[in-house]
1. Just checking, which of Glu540, Glu545 is closer than 17 Å to Thr273 by Cα, at pLDDT 95 or above, outside the structural domain of Arg145 (by TED's automatic domain parsing) and part of a helix (DSSP H, G or I)?
2. When you scan the range 62-79, how many residues do you find that are within 16 Å of ligand 2 (Cβ to nearest atom) and β-branched (Val, Ile, Thr)?
3. Only one of (1) within 16 Å of ligand 2 (Cβ to nearest atom); (2) at pLDDT 90 or above; (3) crowded, with 24+ Cβ neighbours inside 10 Å is not met by Ala105, so which one is it?
4. Out of Gly44, Gly92, Gly82, Gly86, which single residue is among the small types (Gly, Ala, Ser) and more than 16 Å from ligand 2 (Cβ to nearest atom)?
5. Taking Asp199 as the residue in question, decide whether it is closer than 24 Å to Ser271 by Cα, assigned to a helix (DSSP H, G or I) and of a type outside the set (A, V, I, L, M, F, W, C).
6. Checking Gln12 against (1) of a type outside the set (Gly, Ala, Ser); (2) modelled with pLDDT under 90; (3) within 16 Å of ligand 2 (Cβ to nearest atom); (4) surrounded by fewer than 21 Cβ atoms within 10 Å (Cβ to Cβ), which single condition isn't satisfied?
7. Gln330 is checked against (1) within 20 Å of Phe581 (Cβ to Cβ); (2) crowded, with 16+ Cβ neighbours inside 10 Å and fails just one. What number does that condition carry?
8. For the condition on the phi > 0 side of the Ramachandran plot, crowded, with 16+ Cβ neighbours inside 10 Å and modelled with pLDDT of 90 or more, what is the one hit in Gly44, Gly60, Gly48?
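The values are calculated or read from the model by the stated rules, or taken from the named source; none is laboratory data. Just so it is clear, the model here is predicted, and its values are computed rather than measured. Methodologically, a virtual Cβ is constructed for each residue, glycine included, from the backbone with ideal geometry; neighbour enumeration extends over all protein chains shown.
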Amino acid sequence: MTAATHSTPFPQVPETADAVLDGLDPEQREAATALNGPVCVLAGAGTGKTRAITHRIAYGVRAGILQPSSVLAVTFTNRAAGEMRGRLRQLGAGGVQARTFHSAALRQLQYFWPKAVGGQLPRLVERKVQLVAEAAARCRLRLDRNELRDVTGEIEWAKVTQTVPGDYPAAVAKSHRDAPRDPAEIAQVYRMYEQLKQDRGVIDFEDVLLLTVGVLQDRHDIADQVRRQYQHFVVDEYQDVSPLQQRLLDLWLGDRDSLCVVGDASQTIYSFTGATPEHLLNFRTRHPNATVVKLVRDYRSTPQVVHLANGLLAQATGRAAEHRLELISQRQAGPEPVYTEYGDEPAEAEGVARRIRDLIASGVSAGEIAVLYRINAQSEIYEQALADAGVPYLLRGAERFFERPEVREAVVALGGAARAGDNDSLLDDAVDLPSQVRAVLGTKGWTAKPPAGSGAVRDRWESLAALVRLGEDFERAKPGATLSDLVTELREREAAQHAPTVEGVTLASLHAAKGLEWDAVFLVGLTEGMMPITYAKTDEQIEEERRLLYVGVTRARVHLGLSWSLARSPGGRASRRPSRFLNGLRPGSGSRAARAATSGVAGAAGTERGPAARKRTRRGPVLCRVCGKTLTEAGEMKLMRCEDCPSDMDEALYERLRDWRSHQARDLGMPPYVVFTDKTLMAIAEAVPSNGHELAVISGVGARKLDRFGTDVLAICAGGEPGGDDEEGS
Ligand code: ATP
Ligand code: MG
């Protein structure tokens, strides 16, 4: 994947400073050469804002006007910061700091803390939501999972708008916020949360900025030292700057004005956290001598994609929309965006995975494809569908399993117990590996029964339970394996997950996709309730959702797929409607057609419906073959039984299949799930197919996999050895 700027694998470093400017159009060049004084670039998506600022920095450095170490470039995601550093290096301007606000602040805070406060900087709190839950409990408030999320969001908002607990109710009233609970109650939880943090000597994400601001405000000597170091500031995605970040920027600048900001008010997607495009839109007012540049040429997307983006914005209302900029595509014509209505979510995921496979077959690389969704919980079904289709993928934005704090802790604890071996009294009564794992993880909060408690507690338990299951699977696969064998396996898995060797389709939330671009983008789950999301209620919140969709659309260079499903699960009631934002834009979606689409099975005129959609809608519910219950979870549907219904799986066969899969995966240089997922292998070990037809009907075995692996799998099922003829390149 390439982000922000499209790069070739081994680009030539421009020979001279002037050569750095060669790749820019006249307006971009104006921004890049205005090295003194304030500069503001106001422009739409894909017009080369990020490109203009990286070239600006590189030009200044190469021309000897800017000292590399005196420039601080800030952006909003680590990924974007990394991308910017890479681009700067390619332009011959390595050594320039490109960071997120947060990481720049954290670095300064760590450096100055001993001098400003004394001692070491307190630890960052790892599970904020859990701490908020605790604070609520102490205030005798019962918050469900959603309320907890919303109250945490309110505390974050209060902190970035520099509102103390006592002022929160008034601030809510003043800003017309729709507080999820009585503001007085939230203020109470907020106060308790701050207290708990202080008692435990921890700080949170927002504190990093607050404390840095505090230090720079109070200690002029430290502020001077920072200002001597950094003389020039560049901010990407400036429309999403929060009041707190702006305050920090002001403190960094002091009375100087060497500041260059770029942004697009139509892409403001963080106002729920207190960000506001006003700083961008009012830049001229604050800096009357600023050079203001507007860019309109869209270099990223085809006219077809740009047409849809412009259409979406044309319907927008509110402050940001007053400043919308019509984009003009500079690219050749490409395919029309494809709108697809599916019967249910698994059908949608399967359909999207199929289209992705076709694109890859037609020559688009997996790294140039993304599936973008509204909330991270939507990723699982796509992970499964892509794995089943044999397509490698990468998750972005969501925490990866091995990076979860409880998983790290658990792996450390298992490692400790393995090292202590017989000397660890924990293991006294644990005779086999699974019981050893349970004993160790029991000290970390694992219990045989899932907790009834709040979301965060449950999440933590789920992670530990997954490790317990992994221990059981491992023992089954390798009888006699020790705890240290398991720890080695865990470390290998952890390393493999970080290994950048798998070039995969990106799965990301729309928020995490900001600033990035791909050849093909699939925007999925575009139903009312998801886009806009149910909890967006006020007009402003709805407008922010529309901008989020605009951000999604404008990530695509060439191929754009937009899809939704009418029901959650097969056989479920087709009660969903496609996103209102697409009305009048998707073919045949005048209000009449839009109503037709809501009436059930029939698709809106002109929209495509994949064959799987039809197949799914007719197929009816999937029933558990053990107890007959209707299945709704993707994983259970794949197994064709409830997770906890007894399995009639041939365990020895399952192990042989897993061994075979490991070899295949190693030979192909891919992760094992790309060959077959565990669920598919279990289904095979339960069904024990004796011919290609019986194998083909198992979920997760498509025509392609049947072709590629069918002979091997059938040979293993028949009790023999898989054939030795490796079909290289087939
Ligand atoms: P966003 O608003 O999504 O952050 P952006 O305005 O920052 O977009 P860039 O990511 O800088 O846009 O550029 C979009 C794409 O267009 C990139 O692939 C970039 O390399 C390309 N591009 C920008 N300007 C030019 C140009 N003058 N000539 C050729 N390609 C360009
Ligand atoms: Mg950009």
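1. Values: Glu540 fails: at pLDDT 95 or above.
After applying the criteria, what remains is Glu545.
2. Step one: of the range 62-79, the residues within 16 Å of ligand 2 (Cβ to nearest atom) are 73-79.
Next cut, β-branched (Val, Ile, Thr) only: 74-75, 77.
Residues that pass the stated criteria total 3.
3. (1)
4. Details: Gly44 fails: more than 16 Å from ligand 2 (Cβ to nearest atom); Gly82 fails: more than 16 Å from ligand 2 (Cβ to nearest atom); Gly86 fails: more than 16 Å from ligand 2 (Cβ to nearest atom).
Of the residues listed, the single one that is among the small types (Gly, Ala, Ser) and more than 16 Å from ligand 2 (Cβ to nearest atom) is Gly92.
5. Numbers: closer than 24 Å to Ser271 by Cα: no; assigned to a helix (DSSP H, G or I): yes; of a type outside the set (A, V, I, L, M, F, W, C): yes.
Criteria not met by Asp199.
6. For Gln12, the failing item is (3).
7. Every condition holds for Gln330 apart from (1).
8. Working: Gly44 fails: on the phi > 0 side of the Ramachandran plot; Gly60 fails: on the phi > 0 side of the Ramachandran plot.
Only one candidate qualifies: Gly48.
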